[in-house]
Each structure stands twice: as C-alpha cells, then as structure tokens.
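So the structure is just underneath, and the comments pick up after that.
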Protein chains: 2
Amino acid sequence: MSAPALQSLDPVRATTHVAAPYDLIELIFFAYRDFVGEADLVLSSYGFGRAHHRVLHFVDRLPGLTIAELLDILRITKQSLNRVLRDLVEGGFIEQRAGVADRRRRLLVTTRSGEALARELARVQSDRIAKALDQAGEDTRVAVTRFLAGMVGEGDRAHVLELVARGRINGPHL
Amino acid sequence: MSAPALQSLDPVRATTHVAAPYDLIELIFFAYRDFVGEADLVLSSYGFGRAHHRVLHFVDRLPGLTIAELLDILRITKQSLNRVLRDLVEGGFIEQRAGVADRRRRLLVTTRSGEALARELARVQSDRIAKALDQAGEDTRVAVTRFLAGMVGEGDRAHVLELVARGRINGPHL
DNA sequence: GGCAGTAAGTCAGCATTGTTGACATATTTC
DNA sequence: GAAATATGTCAACAATGCTGACTTACTGCC
C-alpha cells in the first residue's frame, strides 16, 4: 500500500474520496465476455462448453493432474467435474492413468486430439491477448501480470502462481 | 502491431515462436474467479445471483437505461433478462418508468435500496482492484485500462468505451 | 384513421453447469 | 483388518443461458 495516510492529509482529498474504478469494473466484464466468447464459438462446434474448456486447458498445461488438484483449481464439485470430464474422455480428448505411487489417483493427460483442441483454443485466446498487449504499449505485460496476480485471493495467490509457473516449465507448447 | 515481420528475420526466432501467454490466460481465469466470487457471496445473502448483479450494476451506472440497451450490453436474450429483472423489480431494487419521448420504452432506475446494494457490491470489487493496482506499482492503472480495452472485440470497443465514459459522467458515486 | 413497425412482456420447453446428499469401490495407511 | 482417502455415481434441484411463438402497447407514416 503506497502511503494511504497521505490521503486524509491532502486538503483536496480530505473531504472526498478516491473515485471508485468503475471503468475497470466494467472493462473487466466486457473484456472477459469477449475473451471467453470467442473460445465458446470454437467449443460449440465440438459440442463442448466452457466447462469442458477449463478442464481440457489445465490438463494440457499440467499433464498428470489429479482429480483432487483439478477440483481445487476449478472450485467446483466433483459431480460437476465428472460430467464434463466424462464427455472429454468418451470423446477421446483426455485419458486417465492410474497413479504410480498411489494407484487410487487418476492422472489426467490429453490425447493427441485433446492436445490439438487445447492448443487451438489457447491460440485464439493468445492472439487476442497479444493484440491487446501490443496496442497497450511497452511494459504493459509486466503491469498486467502483476495486476492480475493481485486480483487473486490472498490465500490462494501463492498456490496460483506456483501452478502457473509449473505450467510454464512444461514448455512453451509450440 | 509492432513490426511482426521482424520475427521471421530474427535468426533466434526464425524457427521458433513467441511463447504463448499461458500465464496470462490462466491468471485471467483465476483473477475473474475470485473477482466475481466475492460479490457472489454478498449476492447470495439477498437471494440473488451473478445475473442480477450485472443488471443492477449497469442500471445504477446508467440511470434511464432501456431494455434494448441493456440487452446489447449483456448480450443475452430478453427472456433471460426479464427473469432477473423481474426479481429486482419485485424486490424493490429497480423501478421502471415510461419513456418521455417514446412511451414504449422502459427507463430503468435503481431505488434507494437498489442503489445501496449496487454500491455495496461495487465497493468490494473496487477494494480488490485498488489493492491489486497498489501492489502492482506505478503506471499500472493506465496499462491495465488499455489492456482491458484492447481485449474487447474490435467491433464493440468504441461502444464499450463510450458506455464506460457515460457512466463516469454520472459522477464518482461516493 | 388505420396499418406497419418497434419496444417490451410472457409462456413453454430445453441445455449447460453449478449445487446437495447419499452411497459405492478401490486403495493406502496404520 | 480397520480407518482414512481418492474417486465414481445416482438423483434431484437451482441459476442462467437458449429457441420459438405469441401478445400488448405505442409510434410513425400514408
């Protein structure tokens, strides 16, 4: 926090407040609407929805992911997860393997076609992000990355950053 | 686009690609999940959901909004909108007035309690944004605003920016 | 004045994706 | 062997999208 006490000492701001970032609240809505909307179009041609996308994405990025870890990432119930996971497995996009150390665990991995779909979806989203970063100018990427990380709940932030880094280690996927 | 042709001329990048921004794809997911999740908690104590929030928010920000404009913002069908709008009207959070020039139009405005709820929800989201901006350092706000605007579909961007500006004109709401 | 077009409301039914609760199975750990 | 753990499954329900069809009220225009 950068010197919050200054605010009440500043005569101009003493009786007023910092304007609430309504522009950002609204831009987050519109940006997210269009960001996921474009992927939805691709997904619907496969008979899948947004929930399938999330599962496929994280399995592609974190091969060997378990059900428990996925539930923790998505914050949904296992019944909801199982419904979409079943579609993906039956469609030949995801495979399950028994864990090595613990055979109760199901390690999830993408098949060739699952990987292809995940990458296709990531490409349309990456293109949109790349254009937005490009238009926004220098240093934007670092600022945006920090901002988004700061938007994640404090208790979960370290875990999220670790997951994102884990995904990166698996390579740029290109 | 900053000199995309350079990429194929750069010997280091000639056979490879720019790494896809997987970190940003994932951070957008986690940031949005927690951003709306916190508001959902408040909403559920009123028996409302995310869809009610969106309607209430934009009506509070753009008093006198018509059904047609709201449908264009939310990109849902009038049947979906009507379901949640009816809840908000019956709950005494939104009022409808006949249009002045065109009496077919319903001008939507928040009641006192509707305004209070809208502001309460905006406050928790503003607080999260303010903290994230603060942690991310100087110049972040401009960069993030530009980035988010760039994420909006090109065809809709001018309209979105106009709406956001229109909302701002109504005052800082504090 | 009457008629076409427009803004909005409504009914019915359905899909996706979230929820609870209860219970089953396989495996590990103690 | 018993308890705990990881996962799967059945059933029912809620929120929020959708399509299609039809109504009502009002405006604009010939």
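Which ranges mark the helices (runs of 4 or more DSSP H) fully within segment B:96-174 that have 3 or more residues being within 26 Å of A:V124 (Cα to Cα)?
Filter on segment B:96-174 gives B:140-151, B:154-169.
Only residues in segment A:54-72 that are touching a residue at least 12 places away in the same chain (Cβ under 8 Å) count as the first member; pair them with residues that are aromatic (F, W, Y) and buried (at least 19 other Cβ atoms within 10 Å of the Cβ), Cβ under 7 angstrom, at least 6 apart or cross-chain, and list the lot.
A:L56/A:F93; A:R61/B:Y22; A:L65/A:F58; A:L70/A:F58
Of (1) at positive phi; (2) at pLDDT 95 or above, B:A3 satisfies all except one. Which?
Result: B:A3 passes all but (2).
Pick from B:L74, B:L121, B:L85: which is within 16 Å of B:V55 (Cα to Cα) and more than 14 Å from chain A (Cβ to nearest Cβ)?
It is B:L85.
Identify, from the list A:L133, A:L161, the residue that is more than 8 Å from chain B (Cβ to nearest Cβ) and within 23 Å of B:A136 (Cα to Cα).
The conditions single out A:L161.
On the basis of being within 12 Å of another protein chain (Cβ to nearest Cβ), surrounded by 15 or more Cβ atoms within 10 Å (Cβ to Cβ) and either within 13 Å of DNA strand D (Cβ to nearest atom) or of a type outside the set (V, I, T) (or both), does B:F147 make the cut?
yes
For B:I25, indicate whether it is farther than 24 Å from B:R112 by Cα and crowded, with 18+ Cβ neighbours inside 10 Å.
Answer is yes for this residue.
The values are calculated or read from the model by the stated rules, or taken from the named source; none is laboratory data. Quick caveat: nothing in here was measured; it's all calculated off a predicted structure. In this analysis, Cβ positions are derived from the backbone assuming ideal geometry, glycine residues included, and neighbour counts consider all displayed protein chains.
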